[in-house]
1. Per the Kirkwood formula on distinct C-alpha pairs, the Rh of segment 204-340 is how many angstrom?
2. Excluding Ala198 itself, calculate the net charge of residues whose Cβ lies under 9 Å from the Cβ of Ala198, where each Lys or Arg counts +1 and each Asp or Glu counts -1.
3. Taking the Cα centre of each part, how many Å lie between segment 162-178 and segment 375-432?
4. Ordered by packing density, taken as the mean number of other Cβ atoms within 10 Å over each peptide's residues, highest first, how do 188-200, 358-370, 205-217 rank?
5. Which entry in [x] 181, 86, 42; [y] 128, 67, 42; [z] 67, 49, 41 matches Cα extents along the principal axes in Å derived from the coordinates of this structure?
6. State the cysteines of the chain left without a partner when partners are defined as other cysteines whose beta carbon lies under 4.7 Å away.
7. So what's the angle, to the nearest 10 degrees on a 0 to 90 scale, between helix 201-220 and the longest Cα principal axis of the chain?
8. Over the chain, what relative contact order in percent results from Cα pairs under 8 Å that are six or more residues apart?
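No value in this document is a laboratory result; all are computed from the given coordinates. These numbers come from a predicted model, not from an experiment. Quick reminder, even Gly has a Cβ in these numbers, built from the backbone with ideal geometry, and neighbours come from all protein chains shown.
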Amino acid sequence: MIILSSILLILVAAEKSAFVAGGIERNYTILRITPLNIEQIQFLSALYLNDDKMADFWKPPTRINETIHVMINPGFMKKFDRLLNEKSISYHIEINDFAQYLKNKKEMKRQRNLLFDNNRERRFWDDNNRNSNIFLGKYNSYDSIVRWLKNLEQRYDNIVTVKSIGTTAEERIIYGVKLGTKNVTSKPVIWLDAGIHAREWVAIHTALYLIQQLIIDYNSNSKIGEYLRLLDIYIYPCLNPDGYEYTQTKPNDPSVRLWRKSRGSTINYEWENGEKRYCKGVDLNRNFAFHFGEIGSSSSPCSNIYRGKYAFSEPETQAVRDALLPLREQIKAYITLHTYSQLWIYPYSHAANTYSSDIDELKAVAKEGVNSLMKLYGTEYQYGTGPEVIYAFSGGSSDWAKQSANVKYSYTIELRPSKSSNAGFILDKRELIPIGRETYEGIKVVIDKVIMEYKQSRN
């Protein structure tokens, strides 16, 4: 607590000093930091947990000699440099002007021919995006996504049903689809969602790609046809549409493009010295009722990992809970897509060396999924619990689904790029289709396992 209190006072002083500086430091700067001992990790962790005004940690500092990337906000570089120097923490400037980096990315022309080398994919999107202005290989607005989902239901009404599960803080409806033949009233269910963190655009795009491929392959691939005859696959591509839409309002502004949380009510937060700040939103993946309020979450409304006032305090997480629990007898797999780090995470992630009773089965399917994914492009994933492969966190959706909804195969998949990549959340659009393809291969392993067990249960 002494370390934390000292850091909070330093941060408030740094904030005041930054404003006094008159905007001399205007750049968002990306640093690469490698902590060398436990003391450095503790110091950086205190910053990560309790501040978002000075710095945005893209990944928390959890392991000695493991690189993290931190975005320093304008006006704070000198102060952050001083803090690191006081603890003998060295760093490397990876990107000096991140706003300019984003502008350069936006100006890169899309090369459609490179993205659509599969003729069936091209025909599918040409046929189905006329009224929605959507296609893969680029990022789409939430409204465009919703229109596209509704178009799919009209064209493929034998296997596509549009579903809505609730309304967000800003009164957007959370839409998804149920994929499956409609001649059976009750089938095993696989649930897949994405976009619970606003800045993770790649995850949302990947969920759309999975919808596309399952529909394309339904009539042309007997294996996929069996999937949709025997199962219902629910896919909700964007659980946090408020945050996602906000990130698209100023895509060249790092503070907007890299917004993580929801856009719920603004909280007037008072620091220990009486300083007041107005902070908005909740980290929805810390708001589920699984060891809520414990490790890897923050009670500070200004933190990027603010957990909310209580479990399921937010309409978005309430929507997931209220839609998923009535299906608990049918749901056999829950998969939530995130970016980034190339990880396949299974429960439990709130504490080290804490496993479910069927850990061997969870691990075996994860291993097979990672191996299947890797065969396509050689992309290497790690698999394990959160503490084993990245960090411990509480209040996450996949842990909650495992415990509270009793979902056997419950996974969080962190997509490309790797942990060490400076691209972070800003991937070249040319990677979007390959990410979708390899993820599809990995997820088919889970579907195959569910179908195999379903067939065995009927014999």
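1. Evaluated over segment 204-340, this radius sits at 17.4 Å.
2. Net of charged neighbours comes to +1.
3. First find each Cα centre; the distance between them is then 24 Å.
4. Ranked by mean Cβ neighbours within 10 Å, highest first: 188-200, 205-217, 358-370.
5. Step by step, Cα extents along the principal axes in Å for this structure corresponds to label [z].
6. So, Cys238.
7. Between the helix axis and the principal axis of the chain, the angle is about 10 degrees.
8. Computed over the chain, the figure is 15 percent.
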